[in-house]
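**Student:** What follows is a structure written as structure tokens; I'll ask about it next.
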Amino acid sequence: MKPNHISQINQVKEAVEEVNVQNIYFVACGGSLASLSTGDYFIDRELSIPSKAMTSNEFIHTNPKGLGENSVVILRSHSGTTPETVKAATFAREKGAITIAISIDEQSPLCKEAEYTVHYNYKDGSDAIDGEIGVYFTLLFSLLNVLAPNEKYERVLDQLNKLESLFESNKKLTYDTAFNFGKRNKREKLIYTMASGAYYHQAYSFTSCLLMEMLWINSNAIHSGEYFHGPFEITDFDVPFLIIKGEGPTRPLDERAISFAEKFSENVEVVDITKLDYSGIDEDLKEYFGPALAGVVLRQYADGLSEHTGHPLSVRRYMWKMDY
């Protein structure tokens, strides 16, 4: 990892060590919120300290009662310019919380507003450890190790250096499947996604940011555990699903949902995270690495749809084009 990223994360660790942390908030919008929510999942799994992921405007308007000097607030905006998230940083800092901004631009409004900045590289040819996932996971597991020291977190931090090779091997492993999915579904106007656990946030991101925002395909992210409590009524022979079959404790929820969906739909795509390449990752750490690998693989599914629909992922109707 590049020295500046190490230095920034160490500054955050030192600040957190000085505080009796009572709660942690993950605050952002859209894809940034989905990315941070993986952290919320693991903090909840690993620590007794409560955490919550919230969209930026809701964080401000609901004014969480627990927010204060013993709070850690992690905020993310890719560009660092998302107005709601910048305001959330101001709001949290005024409450006395430790505020940590994650962005590609250290001079952005968000980074200037937060007390601490954690920068990541983007599309510059850097190793994946210095990219958005590598830097965020390094920050996350460094904080876990400060708040509840455990040798397994040390192993995670060491093995995160393998992300670059794992990303490349898994993109090759899933390329044909992903692009065949795009070919089969190029005329679909609606595709549902489904997942549970840490992977629900991946399903949400794929739904909201890739299918709806970038490809203009109607979608809804369904939690595997909630599928049988209403949503399964829309299942029919011609209804397409993309279901993430996760690596971790909620996998049985996914298996149950897949079993039902495949009985009644002829268009169910299952992305089985346990089938991915985990070379060099300890068996007991796969649960932590799965969400990172899933994001790279799902992006290929979006690329496959883009290729076969002729709809570039960069095209927008409204975003960045007007006030809203």
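**Student:** Only one of SER259, SER196 is among the hydroxyl-bearing types (Ser, Thr, Tyr) and either at positive phi or out of contact with any strand residue (DSSP E or B) (no Cβ under 9 Å at 6 or more places or on another chain) (or both). Can you tell me which? Lay out the reasoning, then the answer.
**Tutor:** Working: SER196 fails: either at positive phi or out of contact with any strand residue (DSSP E or B) (no Cβ under 9 Å at 6 or more places or on another chain) (or both).
Matching residue, one of SER259, SER196: SER259.
**Student:** Between a residue in segment 101-115 that is within 22 Å of ALA128 (Cα to Cα) and any residue that is part of a helix (DSSP H, G or I), which pairs come within a Cβ distance under 6 Å, given they are 6 or more apart or on different chains?
**Tutor:** ALA101/LEU110; ALA101/CYS111; SER103/LEU110; SER103/CYS111
**Student:** Kindly indicate the residue of segment 89-109 that is part of a strand (DSSP E or B) and hydrophobic (A, V, I, L, M, F, W, C) and also nearest to the chain's Cα centre (by Cα) among those meeting that condition. Steps first, please.
**Tutor:** Filtering segment 89-109 down to residues part of a strand (DSSP E or B) leaves 98-103.
Checking which are hydrophobic (A, V, I, L, M, F, W, C) leaves us with 98, 100-102.
Values: ILE98: 22, ILE100: 17, ALA101: 16, ILE102: 13 Å.
My answer is ILE102.
Residue-wise test of (1) within 24 Å of GLU17 (Cβ to Cβ); (2) of a type outside the set (S, T, N, Q); (3) modelled with pLDDT under 95; (4) not assigned by TED's automatic domain parsing to the domain that holds VAL27.
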position	(1), (2), (3), (4)
PRO83	no, yes, no, no
ALA89	yes, yes, no, no
THR99	yes, no, no, no
ILE102	yes, yes, no, no
ASP105	no, yes, no, no
VAL118	yes, yes, no, no
GLY134	yes, yes, no, no
LEU140	yes, yes, no, no
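**Student:** Taking segment 74-97 only, how many residues are among the polar types (S, T, N, Q), touching an Asp or Glu at 6+ places or on another chain (Cβ under 8 Å) and within 19 Å of VAL12 (Cα to Cα)?
**Tutor:** Going through segment 74-97 one residue at a time, the tally reaches 1.
**Student:** For segment 171-202: of the residues being part of a helix (DSSP H, G or I), in contact with a Leu (Cβ under 8 Å, 6 or more places away or on another chain) and not β-branched (Val, Ile, Thr), which is nearest to PRO312 (Cα to Cα)? Give the derivation first.
**Tutor:** Of the residues in segment 171-202, the ones part of a helix (DSSP H, G or I) are 171-184, 199-202.
In the following step, the residues that additionally are in contact with a Leu (Cβ under 8 Å, 6 or more places away or on another chain) were identified as 173-174, 181-182, 202.
Next, only the ones that are not β-branched (Val, Ile, Thr) stay: 173, 181-182, 202.
Numbers: LEU173: 23, PHE181: 17, GLY182: 13, GLN202: 21 Å.
Checked segment 171-202; the qualifying residue nearest to PRO312 (Cα to Cα) is GLY182.
**Student:** Which condition number does ILE191 fail, the rest of (1) touching a residue at least 60 places away in the same chain (Cβ under 8 Å); (2) more than 21 Å from ALA53 (Cβ to Cβ); (3) buried (at least 16 other Cβ atoms within 10 Å of the Cβ) being met?
**Tutor:** (1)
**Student:** Okay, moving on. I'm told ALA292 meets every condition in (1) buried (at least 17 other Cβ atoms within 10 Å of the Cβ); (2) farther than 19 Å from GLY246 by Cα except one. Can you identify the failing condition by its number?
**Tutor:** (2)
The values are calculated or read from the model by the stated rules, or taken from the named source; none is laboratory data. What you are looking at is a predicted structure, and each value in this text was computed from that prediction instead of being measured. As a convention, Cβ positions derive from the backbone with ideal geometry for all residues, glycine included, and neighbour counts pool all protein chains shown.
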